[in-house]
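The values are calculated or read from the model by the stated rules, or taken from the named source; none is laboratory data. All values reported here derive from a predicted model rather than from experimental measurement. Heads up, the Cβs are rebuilt from the backbone with ideal geometry, glycines too, and the neighbour counts pull from every protein chain shown.
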Amino acid sequence: MSGRSILIAACVAIYFFLMLPLLVVFPISLSSAPYMQFPPPGLSWQWYSRYFADPQWIDATIRSLQIGVATSVLALVLGVPLSFALVRGRFPARQLLDRLTMAPIVVPSIVYSVAIYGLFAKMKLIGEWYGLALAHTVLALPFVVLVMIAGLRDFDRALEQAAEGLGASRLQTLRRITLPILRPSLISAGLLAFISSFDEVVVALFLAGARMTLPKKMFDNILMEIDPTIAAVSVMQILLVAIVLFLMARFGRGLSATAQ
């Protein structure tokens, strides 16, 4: 067996090992047992019913969706112009601005959470959903910028020059030529920002206060009691992420854009 075959086999084995928890959580979410048991003694939808019948779970889910959408919009509003500046701008502090934009990826979440908690406590934003959206925007911004930079580097500027040569203003060129061509990158960037916010728990533990987000609710429930409702919620989160990845593959640039 060649070294390449051994490497492929090892990667496949590691991949399936990492995916094993998914094979466990799906059956547990359908378990008829009153506690977590694998394999389940029978199948039942009772834990999904309990989730939908519990106002606390529903409120936490709606709040996470609200924060995720707001984060996605804010990250796009800030990230798209920033990406244009980093790719097409020529100013002395461009490299410094690029490093600062990527800093949230490097800084540990717990360090960022402690720092933002001190700031938001003075601004009385603890427990407010829009405070969490602002904090999540900082974390999501690098993903938006990475995807948009990849899209802008592949963009053929001759199309803009042709439009301007035919009499289009810069605003018309941006609205009718540039942004429509960059639509796949915009979709991917927005979806990545949404997922990064929806699944975030560390910042939520500091800033959410008594008002739960879905990840914080799951964390608190694990501390108090563990029942298969957690598995049912986890399955729905996995399905949501799978839908987002499908949308990115179908309408966006996909994850490959961030790797370029």
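Among the residues of the stretch 229-237, is there at least one that is touching a strand residue (DSSP E or B) at 6+ places or on another chain (Cβ under 7 Å), buried (at least 23 other Cβ atoms within 10 Å of the Cβ) and touching a residue at least 24 places away in the same chain (Cβ under 8 Å)? Scanning the stretch 229-237 turns up no residue that is touching a strand residue (DSSP E or B) at 6+ places or on another chain (Cβ under 7 Å), buried (at least 23 other Cβ atoms within 10 Å of the Cβ) and touching a residue at least 24 places away in the same chain (Cβ under 8 Å).
Can you list the helices (runs of 4 or more DSSP H) lying wholly within the stretch 25-125 that have 2 or more residues being of a type in the set (Ser, Thr, Tyr), surrounded by 11 or more Cβ atoms within 10 Å (Cβ to Cβ) and modelled with pLDDT of 85 or more?
On the way: elements: 46-53, 55-88, 94-106, 109-122.
Ranges flagged: 46-53, 55-88, 109-122.
Answer yes or no as to whether Ala163 is buried (at least 18 other Cβ atoms within 10 Å of the Cβ) and at pLDDT below 85. It is true that Ala163 is buried (at least 18 other Cβ atoms within 10 Å of the Cβ) and at pLDDT below 85.
Pick from the stretch 168-183 the residues that are assigned to a helix (DSSP H, G or I) and polar (S, T, N, Q): which of them is farthest from Phe155 (Cα to Cα)?
Within the stretch 168-183, the subset assigned to a helix (DSSP H, G or I) is 170-181, 183.
When the remaining residues are screened for being polar (S, T, N, Q), the result is 172-173, 178.
Numbers: Gln172: 17, Thr173: 13, Thr178: 8 Å.
Once the filter is applied, the top-ranked residue is Gln172.
Going by what's in this entry, would Thr213 be described as farther than 29 Å from Leu78 by Cβ, of a type outside the set (Asp, Glu) and either at pLDDT below 85 or surrounded by 14 or more Cβ atoms within 10 Å (Cβ to Cβ) (or both)? Considered against the rule, which asks whether it is farther than 29 Å from Leu78 by Cβ, of a type outside the set (Asp, Glu) and either at pLDDT below 85 or surrounded by 14 or more Cβ atoms within 10 Å (Cβ to Cβ) (or both), Thr213 comes out as no. Quick check: is even one residue across the stretch 187-205 touching a strand residue (DSSP E or B) at 6+ places or on another chain (Cβ under 8 Å), over 23 Å from Leu132 (Cβ atoms) and touching a residue at least 12 places away in the same chain (Cβ under 8 Å)? The answer is no; no qualifying residue exists.
Scanning the stretch 213-227 turns up at least one residue that is over 21 Å from the mean Cα position of the chain (by Cα), hydrophobic (A, V, I, L, M, F, W, C) and not in a helix (DSSP H, G or I).
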